[in-house]
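Only the coordinates and a few stated rules stand behind these numbers; no lab work does. Everything numeric in this text was worked out from a predicted model, so none of it was measured. Here Cβ is always computed from backbone atoms with ideal geometry, including for glycine, and neighbour counts include all displayed protein chains.
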Amino acid sequence: MNVTTILGEKGVEVITTNPEATLLDVAKRLREYGIGCIVVENGKGGIAGIVSERDLVRAIAASGADILKAPVSRCMTKKVVTCQKSDTIEALMAAMTDGRFRHMPVVEGSKLVGLISIGDVVRSRIAETELEAAAMRDYIATG
Ligand code: AMP
């Protein structure tokens, strides 16, 4: 299984914002869509950064609630690790574990074309494992 398989199942929609949006705007969008992370676009279809609920918590803990009026560019992660449609689920799991993050934007060239979360990865691994177990049971039953 690879990134294309997951995108085929979950779709390619990505919730994004722009670098000038405030952290309060970001918090509202996270709540509205029931997600944990937003990609910050650069205005040309590419990625300027990524901001997750963890960045919001850190910013509030460090600077107080007034930071919510600041632009997202102040606390987003600018060095974003991305993946490609041809990447395997194993490669994504390794990158997320090594980098200690739970989201990876999918790019084609520099264009944003999807987003994979740790939840998507876990779901796909469970589906794969169930398929393997069923095949094994079938093999044992039919000799
Ligand atoms: P997360 O676990 O995805 O909520 O994010 C944890 C931290 O990693 C936050 O500081 C995010 O801004 C950052 N982060 C999330 N996804 C990525 C990514 N794909 N590349 C680099 N940093 C990321």
Residue ID - surrounded by the fewest Cβ atoms within 10 Å (Cβ to Cβ), chosen from residues in the range 18-40 that are within 14 Å of the chain's Cα centre (by Cα) and not aromatic (Phe, Trp, Tyr): Gly34
Which one is nearest to Thr77 (Cα to Cα) among residues in the range 103-143 that are without any contact (Cβ under 8 Å) to a residue 40 or more places away in the chain and under 12 Å from the mean Cα position of the chain (by Cα)? Met104
Of Val3, Val14, Val57, Val26, the only residue that is closer than 21 Å to Gly99 by Cβ, β-branched (Val, Ile, Thr) and free of Cβ contacts under 8 Å to residues at least 12 places away in the same chain is Val57
Those residues of the range 1-23 which are more than 19 Å from Ala59 (Cβ to Cβ) and in a helix (DSSP H, G or I) amount to Val3, Thr4, Thr5, Ile6, Leu7, Gly8, Glu9, Lys10
